[in-house]
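**Student:** Quick one: the structure is below, questions incoming.
The values are calculated or read from the model by the stated rules, or taken from the named source; none is laboratory data. Small disclaimer: the values here were computed from a predicted structure and weren't measured. Here the Cβ positions follow ideal geometry from the backbone for every residue, glycine too, while neighbour counts run over all protein chains shown.
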Amino acid sequence: MSRIWLSVGSNIERELHITEALLQLESELGKAILSPYYESPAEGFEGPDFINLVAGYDTDKSPAELIRLFNSIESGLGRTRTEKKFSSRTIDIDLLTYGDQVIEVMGKQLPRDDILKYSFVLKPLADVAADEVHVLTGKTYQQHWDEFTPKDRLVRL
């Protein structure tokens, strides 16, 4: 079993899509450890504010299986992928970590660099995994948050 952390966010019918995504994730992965929800401005484009959170699960599924599952849930909830990296979305589910592994899976580097780049990823992760160590830096997520300077507003809901 590996502990995984994933980021979940939405800025289109936010509560509906996040609730449905978490229900589907629970049916596939079991009970989650959930961070508080945070609201933050759209990053990299003009759009409605996002709600983001971090969820943790213990799983035997491989990283590739997880990414395929997340993509399926996203598609089922109306997520359309465009060439633009930053755009509004019904749901976004990103695998952040897979245990303490440093790997590339389906073009995604784990642990995701988003952890150290965005307050809407790091803060909820620090809330639920404060004492866990980032495998590449040797610092805890709480230490990273204590040293982080947010660029945008982040509001706990």
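**Student:** Looking at the structure I just gave you, is Arg14 under 15 Å from the mean Cα position of the chain (by Cα) and over 22 Å from Lys139 (Cβ atoms)?
**Tutor:** Yes, satisfied.
**Student:** Another question, if that's okay. Restricting the first residue to the stretch 4-32 and requiring it to be outside any helix (DSSP H, G or I), which pairs with a second residue that is of a type in the set (Lys, Arg) meet a Cβ separation below 8 Å and a spacing of at least six or different chains?
**Tutor:** Pairs that qualify, where the first residue is outside any helix (DSSP H, G or I) and the partner is of a type in the set (Lys, Arg), are Ser7/Arg112; Gly9/Arg89; Ser10/Arg89; Asn11/Arg89; Ile12/Arg89.
**Student:** Tell me yes or no: at least one residue of the stretch 97-107 is at pLDDT below 95 and among the polar types (S, T, N, Q).
**Tutor:** The answer is no, given that none of the residues of the stretch 97-107 is at pLDDT below 95 and among the polar types (S, T, N, Q).
**Student:** Take the stretch 103-132 and flag every residue that is buried (at least 16 other Cβ atoms within 10 Å of the Cβ), more than 11 Å from the chain's Cα centre (by Cα) and of a type in the set (A, V, I, L, M).
**Tutor:** Val105, Leu110, Leu116, Ala126, Val128, Ala129
**Student:** Let me ask you something else. When you scan the stretch 41-84, how many residues do you find that are surrounded by 13 or more Cβ atoms within 10 Å (Cβ to Cβ), among the polar types (S, T, N, Q) and at pLDDT 95 or above?
**Tutor:** Residues meeting the conditions: 2.
**Student:** Oh, and also: Given the criterion in contact with a Phe, Trp or Tyr (Cβ under 6 Å, 6 or more places away or on another chain) and farther than 26 Å from Thr149 by Cβ, identify the matching residue among Leu77, Leu29.
**Tutor:** Going through Leu77, Leu29 in turn, the sole match is Leu29.
**Student:** Sticking with this one: Tell me, which helices (runs of 4 or more DSSP H) lie completely within the stretch 111-157 with 3 or more residues that are out of contact with any helix residue (DSSP H, G or I) (no Cβ under 9 Å at 6 or more places or on another chain), among the acidic types (Asp, Glu) and free of Cβ contacts under 8 Å to residues at least 60 places away in the same chain? First the steps, then the outcome.
**Tutor:** On the way: elements: 114-117, 119-128, 141-147.
Correct list: empty, since no element meets the threshold.
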